[in-house]
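Here's the structure we're looking at; comments come further down.
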Amino acid sequence: MEKFFKLSENNTTVRAEIMAGLTTFFAMAYIVFVNPNQVAAEGSTGWLAAEGADAVALGQIWNAVYIASILGAVIATLIMAFYAKLPFALACGMGLNSFFCTCFVSGAFFAGEDVMTGYHSGLVIILISGIVFLILSITGLREYIAKAMPDCLKKAIPAGIGLFIAFLGLKSAGLIQDNPYTFVQFVNIKDGKWATEIAPALVAFIGFIIIAILAKLKVKGNILIGIVISTVLYYVFTQTTPDFDLSGIGQSFKDFGSVGVTGIFSAEAWSKAFTGAHIGSIFNAVMLIITFCLVDMFDTVGTLYGTSAQAGMLDENGDPINVNKAMTADSVGTVAGAILGTSTVTTFVESASGVAEGGRTGLTSLVTAICLAACLFLSPIASIVPGCATAPALIFVGVLMLKNFSKVDMDDMLSAVPAFLALIMMPLTYSISNGIGIGAISYVLIALFTGKYKKKDIVVTLIAILFAIRFVFVYM
């Protein structure tokens, strides 16, 4: 293990890597349950079933996606562990999964198609986008594109991701809530419900302060300790106990075998992927493929730059080490996920919590993959850690990652404006790739109209054009 992962060379230990892997797992464990909810519109009892869609089919899709998402995450994370040897975990991307539902599952229902047909045709689109992504990775084009990004965006992306994941943590804990007039607001302590609003928010805040105190005191494992204490506080405050119901595991495997892993191989799925009423036309299908490719690529690029910068795992040019191998793991994960029956698999931004805990090698990813695999049979164990207990980790990592923005030259508007837009648009549009796209577009426009455009900017120009086309034709 020491020789394979080069632990000493990376200034880490087996204990540190295990702690980091566990921290990443608990920070991202929510995806095991959230992803099938997003893809299958909450299943047989969800909002789409209430609209009149086939509840049985939606339940089958939920079960199939539950198993497929775990298997896809495990496969991709193991490749990251043994091939790229980096401390990053992969799973089905948030945003991409709800977009999948909108385009294919609920989209099929509202277009008069069967939801199962929509689900299977969507997997075809994901598979093709994954294959394109894999080709770009194997040929090195993905790495070239990533390294050609302007320096100001490379520095802003980690900080933007920091704000984004802190926003995720604040939102999942309920510390910030929706408001129809101001968009967001602080938790309503005066009129809020104790068990569902006030207690989770209080737990998250206390957990965050605990992590900060432990970090100041240089206590090893501070993030994981914070998660454990927050979990205990949640059950104490709400006076509830964890649910260990194992009855649904068998049915999940059955539906996975009957409608999940086999669905993409049907002729109808391929036909409907390009001609279905929910797709509209071949042009729309191509735009969807490009959209999923773009979002996956730049979500991954953003996460790799952000977490690598935080861990000091950048080369002399400021680029992540083994970036092409990491991207290959990501693209293989998407292909495997589509075949198994789930939406796009991507490098997870919550990996930053494990990196902050000291993870530096693929051993961190291996530990996370083992924990994810256990969820196939022990799902209730993963579910006992509430979102408000992992939220403090995400908020704290946001603090750590924001320091990267101090390296941006704020006196040069060609640097400051694109960096600022990338920083602010990630949390405000709820998308890492949107922030990168808007930052790229602004950089090209300012460079062009100030006479600062250079030959090396051709790549970022192509990126800006692709994002502009996506923004016009595909709302996400």
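Here, each number is a calculation from the coordinates, and none is a lab measurement. Not measured: the values here are computed from a predicted model. Note: ideal-geometry Cβ built from the backbone for every residue, glycine included; neighbour counts use all protein chains shown.
Scanning residues 5 or more positions from C92 or on other chains, those with amide H under 5 Å from its amide H are T346, with H placed 1.01 Å from N in the peptide plane.
Considering only G318, T461, T346, the residue lying farthest towards the positive end of the dipole of the chain is G318, judged by Cα position with unit charges set on Cβ.
Residue-wise HN-Hα couplings along region 202-208, as the Karplus relation 6.51 cos²θ - 1.76 cosθ + 1.60 with θ = phi - 60° gives them from phi, are 5, 4, 4, 5, 4, x, 5 Hz; Gly and Pro carry x. The label-point distance for F186 and E9, in a model that sets each label 7 Å from Cα toward Cβ, rounds to 5.0 nm. Couplings for region 404-411, taken from phi via the Karplus curve 6.51 cos²θ - 1.76 cosθ + 1.60 with θ = phi - 60°, read 4, 5, 5, 8, 6, 6, 7, 8 Hz in order; Gly and Pro are left as x.
Once the Cα-Cα distance is subtracted from the 0.36 nm per residue extended length, the D54 to N179 segment shows a gain of 41.7 nm.
Backbone geometry of region 440-454 corresponds, through the Karplus equation with coefficients 6.51, -1.76 and 1.60 at θ = phi - 60°, to 3J(HN,Hα) couplings of 5, 4, 5, 4, 5, 5, 5, 4, 5, 8, 10, x, 9, 5, 10 Hz, x marking Gly and Pro.
For region 2-473, the pair-distance distribution built from all alpha carbon pairs, in bins 20 Å wide starting at 0, is 25, 59, 16, 0 percent.
Count charges around V397 for me, please; just the other residues with Cβ under 11 Å from its Cβ, Lys/Arg as +1, Asp/Glu as -1. Residues near V397 contribute -2 overall.
Label sites at F449 and A267, each approximated as a point 7 angstrom past Cα along Cα to Cβ, lie 5.5 nm apart. Give the calculated FRET efficiency between M1 and V399 to the nearest 0.05, with a Förster radius of 25 Å applied to their Cβ-Cβ distance. E between M1 and V399, to the nearest 0.05, is 0.20.
Contact order, relative form, for the chain: 33 percent (alpha carbon pairs under 8 Å, 6 or more residues apart, mean separation divided by residue count).
Computed over neighbours whose Cβ is under 13 Å from that of V460, the net charge equals +4, Lys and Arg +1, Asp and Glu -1. Net charge in the neighbourhood of A81 (other residues with Cβ under 14 Å of its Cβ; Lys, Arg +1, Asp, Glu -1) is +2. In summary, the lysines within cross-link reach of K193, defined as a Cα separation below 24 angstrom excluding same-chain residues under 8 places away, comprise K171.
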